[in-house]
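The values are calculated or read from the model by the stated rules, or taken from the named source; none is laboratory data. These numbers were taken from a predicted model, which means no experiment stands behind them. When we count neighbours, we look across all protein chains shown, and the Cβ atoms used for this are built from the backbone with ideal geometry, even at glycine. These accessible areas exclude ligands, DNA and RNA; they are computed on the full protein's heavy atoms, side chains included. Shrake-Rupley method; radii C 1.70, N 1.55, O 1.52, S 1.80 Å.
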Amino acid sequence: QVQLVESGGGLVQPGGSLKLTCATSGSTVSLYSMGWYRQAPGKQRELVATITKTGSRNYADSMSGRFTISRDNAENTVYLQMHSLKPEDTAVYYCSADEVLAMATEGGQYWGQGTQVTVSL
């Protein structure tokens, strides 16, 4: 069973950048499709980006072009590079994993505890 720990969140000004990290343990990350999801206050959790075991990427429309998901199987780590951040990107960002071929829109079987991203002046 894989364990996920997110880090890298914080306070950033509009237009700024952050890089989130999802460190995995307990299993080899190459066995999993991975994804980033977020939940803003009062809203449902939504998909941000996913990456399959073979590296195929998928992004939510509002993040495409601004966010990049990547994985380093040797380091058992998944990243989310975020640029041109907007106040509406403020949310708790979660990492998720599943053994399926591709992550579902609602996420996978395993979840981290989340990391807060706040975009504000």
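Of all residue pairs spaced 6 or more apart or on separate chains, those with beta-carbon atoms under 6 Å, a first member in segment 38-59 that is of a type in the set (F, W, Y) and a second member that is modelled with pLDDT of 95 or more are Y59/A49.
Consider segment 58-68 and keep the residues that are of a type outside the set (F, W, Y) and surrounded by 15 or more Cβ atoms within 10 Å (Cβ to Cβ). The one that is nearest to the chain's Cα centre (by Cα) is T68.
Screening G15 on (1) out of contact with any strand residue (DSSP E or B) (no Cβ under 8 Å at 6 or more places or on another chain); (2) modelled with pLDDT of 95 or more; (3) within 18 Å of R57 (Cβ to Cβ) shows it passes everything except condition (3). For segment 107-117, give me each residue that is within 28 Å of L11 (Cβ to Cβ) and in a loop (DSSP other than H, G, I, E, B). Passing the criteria: G107, G112, Q113, G114. Within segment 69-87, residues that are open to solvent by 50 Å² or more (accessible area, probe 1.4 Å) have Cβ atoms under 7 Å from residues that are in a helix (DSSP H, G or I) and at pLDDT below 95 in these pairs: N73/V29; N73/S30, counting only partners at least 6 apart in sequence or on another chain. For segment 88-106, a residue qualifies if it is under 14 Å from Q13 (Cα atoms) and open to solvent by 60 Å² or more (accessible area, probe 1.4 Å), and exactly one does: E88. Among the residues of segment 70-106, those identified as in contact with a helix residue (DSSP H, G or I) (Cβ under 9 Å, 6 or more places away or on another chain) and either β-branched (V, I, T) or part of a strand (DSSP E or B) (or both) are R71, D72, T77, V78, M82, A97.
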